[in-house]
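Below is one structure, written out as C-alpha cells; comments come after it.
The values are calculated or read from the model by the stated rules, or taken from the named source; none is laboratory data. Just so it is clear, the structure is predicted and the values come from calculations on it, not from any experiment. All Cβ positions, glycine included, derive from the backbone under ideal geometry; neighbour counts span all protein chains shown. Note: accessible area is taken over every heavy atom of the protein model, side chains too, but ligands, DNA and RNA are not part of it. Shrake-Rupley method; radii C 1.70, N 1.55, O 1.52, S 1.80 Å.
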Amino acid sequence: MLPLTGVRILAVEQYGAGPFGTLYLANLGAEIIKVEDVSHGGDVSRSIGPYFVKGEKSDNKSLFFQGFNHNKRSLSLNLMTEEGQKILHKLIKTCDGLTGNLRGDVPEKLGITYKSLKSINRKIVCAHLTAFGRSGERAAWPGYDYPVQAEAGYFKLTGEPNGPPSRCGLSLVDLSTGVAMALALVSGLLSARKTGKGRDIDVSLFDNALYNLNYVAMWQLNAGHNQQRAPRSAHFSLTPCQLYTTKDDWIYVMCNKEKFWTELCEVIGQPGLTTDPRFSNFKVRLKNRDQLTEILDKILAEKTTEEWLTVFSGRVPTAPIYDVEQALANPFVTENGRIQSMLSDSGEEIKILAPSIRCDDEMPEFQRAPIMGEDNRSILTELGYSDAEITQLKDRGII
C-alpha cells in the first residue's frame with residue numbers, strides 16, 4: 001500500500017507549480033480531485049502545445065498537461081456561485097486537505113482558506129502556493145518562474161561570466177515550490193491528525209526561490225561576498241568541479257572531497273599534482289583554477305569522453321554532457337524502470353517518467369490525465385446528488 005493511500009486532497013490548481021506538487025502526492029497514493037473553473041475552460045495548460053497525444057481529440061491531449069496531471073480526477077466547478085460553494089463545502093467534509101496555486105488575493109475570494117472552511121471540517125489543511133504570498137504589497141501580483149528567477153539572483157549565477165544573464169534551463173522555481181507545497185501539506189496533515197485541528201500553510205515562488213540561494217546567501221549576508229557566475233559551470237568554491245574538454249566532447253568532473261582530487265590525480269597518471277603547492281588544497285586550487293583548467297584540459301584531451309567515463313567509473317564523480325534525448329536514452333534510465341507508460345483513450349501509449357520517490361518496489365498504476373469534469377458525476381453522486389440534479393447543475397453552468 002502506498003503511504004498516502006486513503007488521503008483525499010482537493011486541488012484548486014492550474015499550469016505547473018501546484019500540479020507538480022500534487023502529482024507527487026498522487027504518485028504516493030493520495031486521491032487528487034482537481035477542481036477546474038468551468039467558466040474559464042479549466043486548467044489553461046490543457047491547451048499548451050506544441051506537442052499533443054496522437055489521435056486524441058479531447059481536452060486532455062496536451063503532453064504538457066498529461067505530464068503534470070496523470071493519476072488525478074477532475075471536477076469542473078464554478079466556485080464563484082452559491083451552488084458551487086455548497087458543492088465545495090459538501091466535498092470538504094470528505095477531504096483531508098486542499099491545495100491551490102492561485103494569485104495571493106484569490107483564495108480568500110473563493111472561500112478556500114482555513115478561516116472559511118474550519119466550521120465545515122476542523123481538520124482540513126489548506127496549503128497555498130502563490131507568487132508572493134497572500135498578504136503584503138504584492139499579494140495581488142501575478143508571478144511566474146522566470147521573472148522570479150531574475151529577481152532572486154539566479155540569472156547572475158547562471159551561464160558564462162562574459163555572456164548575458166541566463167535563466168536555469170528548467171522551471172526550477174515552479175518545480176521546487178510545488179515539492180515544497182506537497183511537503184507543507186503532508187506536514188499539516190500530520191499535525192491535524194495529532195491535534196484534531198487543521199490550518200492554512202503557505203509557500204510562495206519568491207520565498208522558495210530566495211530560500212534556494214542557501215549557502216550563496218549565507219556568504220553574502222555574513223561574509224559580504226557577492227557571488228557571480230563562474231566559468232564552465234564551475235562550483236563557486238570547490239575545485240576541480242567544472243566542465244573539461246576531452247578528445248571528442250566535454251566531461252563534468254566534480255571533486256567535492258579531497259579524496260576525489262587524490263583519486264583523480266592517480267587515475268590520470270599525475271599523482272604529483274596533489275603535492276604541487278598550487279593545487280594542494282581547495283583554497284589554493286580555487287585561486288589557481290585557470291592554471292589547473294589548462295593542465296586538465298590537456299590531459300583529458302588524450303581520450304574520448306566515453307573512454308574517460310570508463311576509467312573514472314565508480315572512482316571519481318564524473319558525467320557526460322547529454323541533451324534531453326540522450327539523457328532519456330541513457331541505459332541507466334531505460335533499463336531500470338525510470339520510464340513508464342500509460343494509455344490514452346484511443347489506446348496510444350503515453351510515455352512518462354517514473355516518480356522520483358520510490359516506496360520499496362511498489363509503483364502506482366499510471367492513469368492518463370482526466371478530461372475536464374470527467375469525474376463530476378461520480379463525485380457528485382457520492383455527495384448525494386441525483387442524476388436529475390447533476391444535469392441541472394450542468395445546464396446552469398455550475399459544473
Filtering the range 1-13 down to residues that are surrounded by fewer than 24 Cβ atoms within 10 Å (Cβ to Cβ) and at pLDDT 95 or above yields L2, P3, L4, T5, G6, V7, R8
Selection from the range 299-320 of residues open to solvent by less than 70 Å² (accessible area, probe 1.4 Å) and either in a helix (DSSP H, G or I) or not polar (S, T, N, Q) (or both) yields I299, L300, A301, T305, W308, L309, V311, F312, V316, P317, A319, P320
In the range 213-230, anything surrounded by 15 or more Cβ atoms within 10 Å (Cβ to Cβ) and either farther than 29 Å from G18 by Cβ or in contact with a Leu (Cβ under 8 Å, 6 or more places away or on another chain) (or both) is listed as V216, A217, W219, Q227, R229, A230
In the range 322-333, anything open to solvent by 70 Å² or more (accessible area, probe 1.4 Å) and either within 29 Å of E258 (Cα to Cα) or not in a helix (DSSP H, G or I) (or both) is listed as Y322, D323, F332
Out of curiosity, is I379 over 30 Å from E263 (Cβ atoms), touching a residue at least 40 places away in the same chain (Cβ under 8 Å), among the aliphatic types (A, V, I, L, M) and exposed (fewer than 14 other Cβ atoms within 10 Å of the Cβ)? no
Subset of the range 48-66, residues modelled with pLDDT of 95 or more and within 28 Å of M80 (Cα to Cα), comes to I48, D59, N60, K61, S62, F64, F65, Q66
Considering residues that are of a type outside the set (S, T, Y), within 19 Å of the chain's Cα centre (by Cα) and surrounded by 19 or more Cβ atoms within 10 Å (Cβ to Cβ), the number found within the range 34-62 is 3
Of those in the range 114-153 that are open to solvent by less than 40 Å² (accessible area, probe 1.4 Å) and β-branched (V, I, T), the residue nearest to P165 (Cα to Cα) is V148
Item to complete: Kindly check whether there is at least one residue in the range 186-204 that is open to solvent by 40 Å² or more (accessible area, probe 1.4 Å) and part of a loop (DSSP other than H, G, I, E, B).
Response: yes
Of the listed residues (I350, I399), the one being part of a strand (DSSP E or B), open to solvent by less than 30 Å² (accessible area, probe 1.4 Å) and in contact with a strand residue (DSSP E or B) (Cβ under 9 Å, 6 or more places away or on another chain) is I350
Conditions (1) open to solvent by 60 Å² or more (accessible area, probe 1.4 Å); (2) within 30 Å of R278 (Cβ to Cβ); (3) of a type outside the set (D, E, K, R) -> N336 fails only (2)
When the range 9-34 is checked residue by residue, the ones that are within 20 Å of L110 (Cα to Cα) and not small (G, A, S) are I9, L10, V12, E13, Q14, Y15, P19, T22, I32, I33, K34
Worksheet entry | Meets criteria (surrounded by 12 or more Cβ atoms within 10 Å (Cβ to Cβ), in contact (Cβ under 8 Å) with a residue 60 or more places away in the chain and over 19 Å from K34 (Cα atoms)) for E374 | no
Counting only residues in the range 159-174 that are within 19 Å of Y15 (Cβ to Cβ) and surrounded by 14 or more Cβ atoms within 10 Å (Cβ to Cβ), the one farthest from the chain's Cα centre (by Cα) is identified as R167
Pairs returned, first residue in the range 99-113 that is in contact (Cβ under 8 Å) with a residue 24 or more places away in the chain, second residue that is among the aromatic types (F, W, Y), beta-carbon separation under 7 angstrom, 6 or more apart or interchain, are G104/F132
Sole miss for T94 among (1) under 28 Å from M363 (Cα atoms); (2) crowded, with 19+ Cβ neighbours inside 10 Å is condition (2)
By my count, helices (runs of 4 or more DSSP H) wholly in the range 13-108 with at least 1 residues that are touching a strand residue (DSSP E or B) at 6+ places or on another chain (Cβ under 7 Å), farther than 30 Å from D395 by Cβ and not charged (D, E, K, R) are 17-27, 63-69
Residue count, the range 353-371, condition in a strand (DSSP E or B) and either without any contact (Cβ under 8 Å) to a residue 12 or more places away in the chain or open to solvent by less than 50 Å² (accessible area, probe 1.4 Å) (or both), comes to 1
When the range 237-263 is checked residue by residue, the ones that are surrounded by 14 or more Cβ atoms within 10 Å (Cβ to Cβ), free of Cβ contacts under 8 Å to residues at least 24 places away in the same chain and not polar (S, T, N, Q) are C241
Screening E348, E294 for residues that are at pLDDT 95 or above and not polar (S, T, N, Q) leaves only E294
**Q.** Qualifying residue in the range 113-133 (condition: of a type in the set (D, E, K, R), modelled with pLDDT of 95 or more, farther than 30 Å from H235 by Cβ and in contact with a Ser or Thr (Cβ under 8 Å, 6 or more places away or on another chain))
**A.** no
